[in-house]
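Visitor: Take this structure, written in structure tokens, and hold onto it; I'll ask about it next.
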Amino acid sequence: MAKTRVLVVEDSMTVRARLLEVIASDPSLEVVGEAGDGRAAIQLCERLRPDIVTLDMMLPVMTGLAATEFIMAHFPTPILVVSASFNRGEVFRTYDALAAGAVDVMEKPRGDEPPGAWEREFLSALRIAARVRVITHVRARLGALSDRPRPLGPARDLALGSQALRLVAIGVSTGGPSALVEVLSALPASFSAPVLIVLHLAAPFAAAFAEWLGNQVGRKIAYAADGEALDAVRGEVRLAPPDRHMVLRDGRLRLTDDPERHSCRPSVDVLFESLALECGAETAACLLTGMGRDGALGLLALRRAGAVTIGQDEASSIVYGMPREAALIGAVEHVASLADVGPLLVQLFGQRGNRP
């Protein structure tokens, strides 16, 4: 079996040596090049065409963000950002890199991790991220489903009920920052429904994400507070906080420390299932790009409860994992490209009307 070819980009010789050592310990991986600045990273990536790049954000000559933007524009390659989470400027650059197409992010070793824990996480992240460019085609299998999804056309083509939609729920993972920017940017300032979001993002990097996303889309975005009334969130966005599940109970957002679902906390399934019980027919739920299957069963519960359910299509997904799993079990009522999700939400709420 061919080895996964890795380009390591890190200006610190000490950290770079650590990364090289860890990669060398895995027989399935091979370091094909190393660079200490962003410009060299671009040159080596173009010449060597690695399977994956590990990339620091704070680099001399050309920043990691600039290198990410150039690589993704000219010779797209999976990028795993390996960066520090304590520097605010670096964290914001990390969000920008994820929005520009980097696949995932993990924290540099701090030195206080249990023996071998960081190394295992790093190698796993490398192997997973290197596969992101491969899209599994499932159209033939989808064709056998009696309840298969159909492309989501103009709102006038939707079979709309008479009840009013009350809120939007979104679940997203790999590729999430850029997907959320695109969807939320399409919502006008007058869009008055609450938007609840579960995003899978490494906890050390999640703390400032709400602020960054709000700056990108010009809308009030905050992490949910336990006990917050849903009616007080009209026209605003609430994110599930790092390492807490977010649910809706008796009209209020609740945060829990319940066990992980699909190795995730927060979990999309946990939010979606609570909405199915609380206000299913008043919900428009979207499952966007992401690896794994979190959100599929929750989206199915919502569809059965009368919600409008939308799954991102394969072509526009960075990873067609979560929406694929939902489509396979009949949870997706409508399929939409990422560019269409926001405008279609506007049309849906415009036709059904926002709940007063």
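Visitor: In which sequence would Met13, Met57, Met62 go, from the one with the fewest C-beta neighbours within 10 Å to the one with the most? Working shown, then result.
Guide: Details: Met13 9, Met57 25, Met62 16.
Ascending number of Cβ neighbours within 10 Å: Met13, Met62, Met57.
Visitor: Still on this model: How big is the charge dipole of the chain about its Cα centre, in debye rounded to the nearest 20, if each Lys and Arg gets +1 on its Cβ and each Asp and Glu gets -1 on its Cβ?
Guide: Values: 37 positive and 42 negative charges, 184 e Å.
In total the dipole reaches around 880 debye.
Visitor: Based on other C-beta atoms within 10 Å, arrange Lys220, Lys108 from fewest to most. It would help to have the intermediate numbers written out before the result.
Guide: On the way: Lys220 12, Lys108 19.
Listed from fewest to most nearby Cβ atoms, that is Lys220, Lys108.
Visitor: Something else: Remind me, relative contact order of the stretch 265-315 in percent, using alpha carbon pairs under 8 angstrom and six or more residues apart? Please report the intermediate quantities before stating the final value.
Guide: Working: 74 pairs, mean separation 23.2, N = 51.
Once divided by the residue count of the stretch 265-315, the mean separation gives 46 percent.
Visitor: Output the 0 to 90 degree angle, nearest 10, between the alpha-carbon long axis of helix 338-352 and the longest principal axis computed from the alpha carbons of the chain.
Guide: Taking the Cα atoms of the chain, the angle to 338-352 is about 20 degrees.
Visitor: Report the residue, chosen from Arg261, Arg219, Arg47, that carries the largest GNM mean-square fluctuation when the chain is represented by alpha-carbon nodes joined by springs under 10 Å.
Guide: Arg47
Visitor: Given Cβ point charges of +1 (Lys, Arg) and -1 (Asp, Glu) and nothing else, what value in debye, to the nearest 20, does the dipole of the stretch 4-130 about its Cα centre take?
Guide: 180
Visitor: May I ask you to compute the full-extension gain from Phe86 to Leu277, defined as 0.36 nm times their residue separation minus their alpha-carbon distance, rounded to one decimal in nm? Before the final figure, lay out each step's value.
Guide: Numbers: separation 191, 0.36 × 191 = 68.76 nm, distance 3.90 nm.
This chain segment gains 64.9 nm when fully extended.
Visitor: If contacts are Cα pairs under 8 angstrom and at least 6 residues apart, what is the relative contact order of the stretch 4-130 in percent? The partial results should precede the final answer.
Guide: Details: 219 pairs, mean separation 29.4, N = 127.
23 percent.
Visitor: Top mean-square fluctuation among Leu300, Leu277, Leu288, Gaussian network model of the chain, C-alpha springs under 10 Å?
Guide: Maximum among the listed residues: Leu277.
Visitor: Let me have the relative contact order for the chain, percent, based on Cα pairs under 8 Å that are six or more residues apart.
Guide: Numbers: 762 pairs, mean separation 52.0, N = 356.
Across the chain, relative contact order equals 15 percent.
Visitor: If you average the alpha carbon positions of the stretch 283-302 and of the stretch 166-231, how far apart do those two centres end up, in angstrom?
Guide: The stretch 283-302 and the stretch 166-231 have Cα centres separated by 16 Å.
Visitor: If you don't mind, another one. Of Pro266, Pro323, Pro76, which is the most mobile in a GNM of the chain whose springs link Cα atoms less than 10 angstrom apart?
Guide: Pro76
Visitor: Can you put Ser178, Ser83, Ser263, Ser28 in order, fewest other beta carbons within 10 Å first? Could you put the intermediate results ahead of the total?
Guide: Values: Ser178 20, Ser83 24, Ser263 9, Ser28 13.
Taking fewest neighbouring Cβ atoms as first place, the list is Ser263, Ser28, Ser178, Ser83.
Visitor: Divide by every residue of the chain the summed helix terms, -39500 (n - 2.57) for each DSSP H run of at least 4, and state the resulting mean residue ellipticity at 222 nm, rounded to the nearest 500 deg cm²/dmol. Please list the in-between numbers first.
Guide: On the way: 13 runs with 130 residues, N = 356.
Here the helix-only value at 222 nm equals -10500 deg cm²/dmol.
Since every read-out is calculated from the coordinates, none of them should be taken as a lab result. In this text the structure is predicted, and so the values were computed from the model without any measurement. For neighbour counting, all protein chains shown are included, and Cβ atoms are generated from backbone atoms with ideal geometry for every residue, glycine included.
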